[in-house]
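The values are calculated or read from the model by the stated rules, or taken from the named source; none is laboratory data. Being a predicted model, the structure only gives us computed values, none of them experimental. Cβ: placed from backbone, ideal geometry, glycine included. Neighbour counts: every protein chain shown. Calculation scope for accessible area: heavy atoms of the full protein, side chains included, ligands and nucleic acids excluded. Shrake-Rupley method; radii C 1.70, N 1.55, O 1.52, S 1.80 Å.
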Amino acid sequence: MKSTLSFEKPPINEVVFGLDIDCDNFQTIHQGLFWNEIKKDFAKVSSQQLIYNPLQPHTFGNLPYGRVWYETVDGQRLVQLQHDRFLFNWRQLSSDQLYPSFSNLFPEFQKRAGSFT
């Protein structure tokens, strides 16, 4: 018999899934083209500072920005895109928002990552 661990109020307030991107010719225009694909669901857009991997030299110059946040209107879902990574987040922004579960979030991540790739 398979058992599934379940919580009435899970101790989770954020989940993130990610992909490393290995693309030498990634440009800012790619972020805009991607937004055109998802803007119906992710209407809020903002520029953010890059996330650097301390184990790899960064080759994106000294630009402080270069990562874009695409957020749903309620802010619960977030896609982050920069030259070397693609991230999908679910965030609990208030205590009345329930964790939708891994089994619901992972297919959303796969869908968004698929539309990017």
Surface per residue (accessible, 1.4 Å probe) for the chain, Å² = 70 Å²
Taking the chain as a Gaussian network, where each spring joins two C-alpha atoms under 10 Å apart, which residue of Y52, Y99, Y70 fluctuates the most?
-> Y52
Out of Q27, Q80, Q92, any idea which swings most in a Gaussian network model of the chain, alpha carbons joined below 10 Å?
-> Q27
In deg cm²/dmol, rounded to the nearest 500, the helical mean residue ellipticity at 222 nm of the chain, built from -39500 (n - 2.57) for every DSSP H run of length 4 or more, is -7000 deg cm²/dmol
Taking amide hydrogens as modeled 1.01 Å from N in the peptide plane, which residues meet the under 5 Å criterion relative to R85, leaving out close sequence neighbours?
-> I21
Check each of the trypsin sites (Lys or Arg not before Pro) in the stretch 12-117 and keep only those in coil by DSSP with at most 11 other C-beta atoms within 10 angstrom; list them in order.
-> K40
Hey, what do the phi angles of the stretch 18-23 turn into as Karplus ³J(HN,Hα) couplings, whole Hz, using 6.51/-1.76/1.60 and θ = phi - 60°, x for Gly and Pro?
-> x, 10, 7, 10, 10, 9
Dipole magnitude of the chain, debye to nearest 20 (Cβ charges: Lys/Arg +1, Asp/Glu -1, about Cα centre) | 180 debye
Structure-derived semi-axes √(5λ) of the Cα gyration tensor in Å - corresponding label in [x] 25, 18, 12; [y] 28, 16, 14; [z] 23, 14, 13 | [y]
Karplus-derived 3J(HN,Hα), 6.51/-1.76/1.60, for each residue of the stretch 102-113, Hz, glycine and proline x | 4, 5, 8, 6, 4, x, 5, 4, 4, 5, 5, 5
Once the dipole of the chain is set up from charges on Cβ (+1 Lys and Arg, -1 Asp and Glu), the residue from the list S101, V16, G32 lying farthest towards its positive end is S101
Carbon/sulfur accessible area of the chain, % of total, 1.4 Å probe, equals 53 percent
Mind giving me the nanometre distance, one decimal, between the label points for C23 and S46, set 7 Å out from Cα along Cα→Cβ?
-> 2.4 nm
Where is the GNM fluctuation largest for the chain (alpha-carbon springs, 10 angstrom cutoff): N89, N53, N36?
-> N53
May I have the count of lysine pairs in the chain with C-alpha atoms under 27 Å apart, counting pairs 8 or more residues apart or located on different chains?
-> 4
In Hz, Karplus ³J(HN,Hα) per residue of the stretch 44-52 (6.51, -1.76, 1.60; θ = phi - 60°; x = Gly, Pro) = 8, 10, 8, 8, 9, 5, 5, 9, 9
By how many degrees, between 0 and 90 and to the nearest 10, does the Cα long axis of helix 28-38 differ from the longest principal axis of the chain?
-> 30 degrees
